[in-house]
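These notes are about the structure you will find just below.
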Amino acid sequence: MKNVQTKPNKLFTIAIVGAPNVGKSTFFNKLIGGRRSIVEDQPGITRDKIYADVNLARWSDEDKDFFVRIIDTGGLFFREESLFQGVQRQAESSIEEADCIIFVTDARAGVTTTDTLVAKMLRERTKKNPKPVILLTNKIDSTELETLSAEFYNLGFGEPLAFSSLGTTFKRSVNDLLARIQEVVKQDKDEYESSIEKNPQLRVVILGKPNVGKSSLLNSLVGYERALVHDEAGTTRDALDTELIYKDKEFLLIDTAGLRRKSKVYGELERFSVDRTIKGLVRADVAVLVMDATALSTIEGVSNQEKKLASLIQSRFKACVIVLNKWDLIEKTENIFDEYNKLIKYHLKFVDYAPVVITSASTGQRVENILEQCLKVNESYNRRISTGLLNNVFRELTTIHEPAKAGAKDLKIYYLTQVETKPPTFALFVNEPKKVKESYLRFLERSLRQEFDFEGTPIKWVIKKSQKKKV
Ligand code: GDP
Ligand code: GDP
């Protein structure tokens, strides 16, 4: 398909190095949020390490994405090697491919012999090929412990960065770390510009009951000859996922049913598996729910299976696009699209936020529009509205629809702020959270959708108690 190409991007790569027990794995896991994502099978990448591509912006208040690839060399030691040999072996294999090294130490333990040896090794390894090293003094779980950092100056890597993966200071630590990494990236700006504003990969899961045309659509989208099928064992990417690039955006198409491999003979063996669907959904940003347009006008209408899928998509708070396939078989009348659209909204209330796309996998008609709509709903999914703008609109809304008039006496609503994206999550600050009615939230949600174009994304609410008016 034109406009579709396959090409991975280069990301700024960071290796985590340090003695055992200093907290490397904890740090790695916390940073990536438990998601062991994307293991690229690019040349030079081997499997004794874990890679994760992570958007560090998720930990900061910045709007701009900041993608980096982090390598964790793990804690695997061979019986015959000394502690230091093990550290060295692991570190060496990742230093090569890293653009920057994070050297982790345990502040509470003080400078250990192994730390000194690691420092020496790092200096040697980076002599010929200089690489920035950020020294992390870890386990500084509270500000009072920060003085423990001082003695680590002696290791010779500049000012140690006080850090804590488990303490309350985690978020602040990550922001400091982020600032340090950004400094390093800036010095190498040309090469890594893409890291700073790179589009994150858009993860799309294709769902639907058997025979609606999922395989046909997927193959039409990708085209056999362009297919990049990852079937390497040991990668965290599912073997059946497909990558493609559309309008400069990297897509990962998650396949929960073996669609690309489905043979004509065994095709009908495809079974609906809630378990597989959920696994696919959890990894995705956008769910594409494919339906057979010809079935919609029959008695059966929308099947229970499809309702179940819609409820799964909604309960996992995923963005959604509904595809009405086999449109070539539909007799066209003037208002046909509106009629189908209404039918869908009526039957699939769970995902009434989703736009509807009509396609024909047989003729290729509008298939590309699926990707187009995925881009659009993903924008809604990631949209962030500033508190100022939000409250201008909110003030107008409260004059239209006062919560007190809606039966909630003494309820005072102070202000509204967006606390998260993916999905957009709004916190409403009120004097008495229990008094906020569902109908009032629905009114606010409808209004926000109209005002800020949140088509395709679910919206989440958090009600918080507050004493005083802030806006
Ligand atoms: P690794 O061998 O370097 O990968 O270290 P681990 O991540 O396995 O951590 C070793 C120990 O340190 C574990 O018991 C962790 O719970 C603990 N730990 C890790 N990070 C922190 C931290 O920020 N604060 C505290 N207090 N303990 C931590
Ligand atoms: P899946 O089970 O959802 O993956 O569905 P398939 O892609 O295997 O398609 C099921 C059947 O519907 C096959 O016979 C396809 O040729 C046919 N089919 C798929 N898409 C279309 C379409 O847009 N129009 C028509 N007329 N047939 C289609």
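The values are calculated or read from the model by the stated rules, or taken from the named source; none is laboratory data. These numbers come from a predicted model, not from an experiment. We place every Cβ from the backbone using ideal geometry, glycine too, and count neighbours over all the protein chains shown. With ligands, DNA and RNA removed, areas are computed over all heavy atoms of the protein, side chains included. Shrake-Rupley method; radii C 1.70, N 1.55, O 1.52, S 1.80 Å.
Starting from region 316-338, keep only residues that are within 16 Å of ligand 2 (Cβ to nearest atom), then list their pairs with residues that are open to solvent by 60 Å² or more (accessible area, probe 1.4 Å) and at pLDDT 95 or above whose Cβ atoms are within a distance under 9 Å, requiring at least 6 positions of separation or different chains.
As it stands, the answer is V321/K376, since those pairs meet every condition given.
Please work out which residue is farthest from ligand 1 (Cβ to nearest atom), limiting yourself to region 135-162 and to residues that are at pLDDT 90 or above and over 19 Å from T116 (Cα atoms).
Among those that are at pLDDT 90 or above and over 19 Å from T116 (Cα atoms), it is I140.
Which one is nearest to ligand 1 (Cβ to nearest atom) among residues in region 374-394 that are open to solvent by less than 40 Å² (accessible area, probe 1.4 Å) and within 22 Å of D248 (Cβ to Cβ)?
Selected residue: Y381.
Here are some conditions: (1) more than 16 Å from ligand 2 (Cβ to nearest atom); (2) farther than 30 Å from V430 by Cα; (3) among the aliphatic types (A, V, I, L, M). V367 meets all but one. Which one does it not meet?
Of the numbered conditions (1) more than 16 Å from ligand 2 (Cβ to nearest atom); (2) farther than 30 Å from V430 by Cα; (3) among the aliphatic types (A, V, I, L, M), the odd one out for V367 is (1).
Can you tell me which condition Y224 does not meet? The list is (1) within 16 Å of ligand 2 (Cβ to nearest atom); (2) modelled with pLDDT of 85 or more, and all the others hold.
Just one mismatch for Y224, condition (2).
Going through region 434-466 one residue at a time, which ones are among the polar types (S, T, N, Q), exposed (fewer than 15 other Cβ atoms within 10 Å of the Cβ) and in contact (Cβ under 8 Å) with a residue 12 or more places away in the chain?
Residue satisfying the conditions is S439 alone.
The rows are residues; the columns are (1) of a type in the set (A, V, I, L, M); (2) over 23 Å from S215 (Cα atoms); (3) modelled with pLDDT of 95 or more.
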residue: E306; (1), (2), (3): no, no, no
residue: I330; (1), (2), (3): yes, no, no
residue: I336; (1), (2), (3): yes, yes, no
residue: K342; (1), (2), (3): no, yes, no
residue: H347; (1), (2), (3): no, yes, no
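In region 90-134, how many residues are charged (D, E, K, R), at pLDDT below 90 and under 16 Å from K24 (Cα atoms)?
Residues meeting the conditions: 1.
Can you confirm whether V430 is of a type in the set (V, I, T) and touching a Cys at 6+ places or on another chain (Cβ under 9 Å)?
Against the criterion (of a type in the set (V, I, T) and touching a Cys at 6+ places or on another chain (Cβ under 9 Å)), V430 does not qualify.
From the list R395, R384, which residue is over 18 Å from V204 (Cβ atoms) and within 20 Å of the chain's Cα centre (by Cα)?
Among R395, R384, only R384 is over 18 Å from V204 (Cβ atoms) and within 20 Å of the chain's Cα centre (by Cα).
Could you pull out the residue among A119, A109 that is open to solvent by less than 20 Å² (accessible area, probe 1.4 Å) and farther than 22 Å from R58 by Cα?
A119
Among the residues of region 314-364, what is the count of those that are open to solvent by 70 Å² or more (accessible area, probe 1.4 Å), closer than 29 Å to N382 by Cβ and either in a loop (DSSP other than H, G, I, E, B) or among the small types (G, A, S) (or both)?
So the answer is 2.
Looking only at region 298-313, filter to residues that are open to solvent by less than 50 Å² (accessible area, probe 1.4 Å) and more than 16 Å from ligand 2 (Cβ to nearest atom); which one of those is nearest to the chain's Cα centre (by Cα)?
By that ranking, first place goes to I313.
What number goes with the only condition from (1) open to solvent by 90 Å² or more (accessible area, probe 1.4 Å); (2) touching a residue at least 24 places away in the same chain (Cβ under 8 Å); (3) not in a helix (DSSP H, G or I) that P130 does not pass?
Among (1) open to solvent by 90 Å² or more (accessible area, probe 1.4 Å); (2) touching a residue at least 24 places away in the same chain (Cβ under 8 Å); (3) not in a helix (DSSP H, G or I), the lone unmet condition for P130 is (2).
If you go through region 135-189, how many residues are of a type in the set (A, V, I, L, M) and either within 16 Å of ligand 2 (Cβ to nearest atom) or assigned to a helix (DSSP H, G or I) (or both)?
Counting residues in region 135-189 that are of a type in the set (A, V, I, L, M) and either within 16 Å of ligand 2 (Cβ to nearest atom) or assigned to a helix (DSSP H, G or I) (or both) gives 11.
I want to confirm something. Restricting to region 78-89 and keeping residues that are part of a helix (DSSP H, G or I) and surrounded by fewer than 15 Cβ atoms within 10 Å (Cβ to Cβ), which single residue is modelled with the lowest pLDDT?
It comes out as L83.
How about region 137-168: which of its residues are open to solvent by less than 20 Å² (accessible area, probe 1.4 Å) and under 23 Å from L56 (Cα atoms)?
T137, N138, I140, P160, L161, F163, S164, S165, G167
Residue by residue through region 430-446, note down the ones that are among the hydroxyl-bearing types (S, T, Y) and under 21 Å from S466 (Cβ atoms).
Selection gives Y440 alone.
Restricting the search to region 280-297, which residues are surrounded by fewer than 18 Cβ atoms within 10 Å (Cβ to Cβ) and more than 31 Å from the chain's Cα centre (by Cα)?
Residues satisfying the conditions are T294, S297.
List pairs: first residue in region 411-423 and closer than 14 Å to S380 by Cβ, second residue among the acidic types (D, E) and open to solvent by less than 30 Å² (accessible area, probe 1.4 Å) anywhere in the structure, Cβ distance under 8 angstrom, at least six positions apart or on different chains.
That search, which allows pairs on different chains as well, returns K422/D285.
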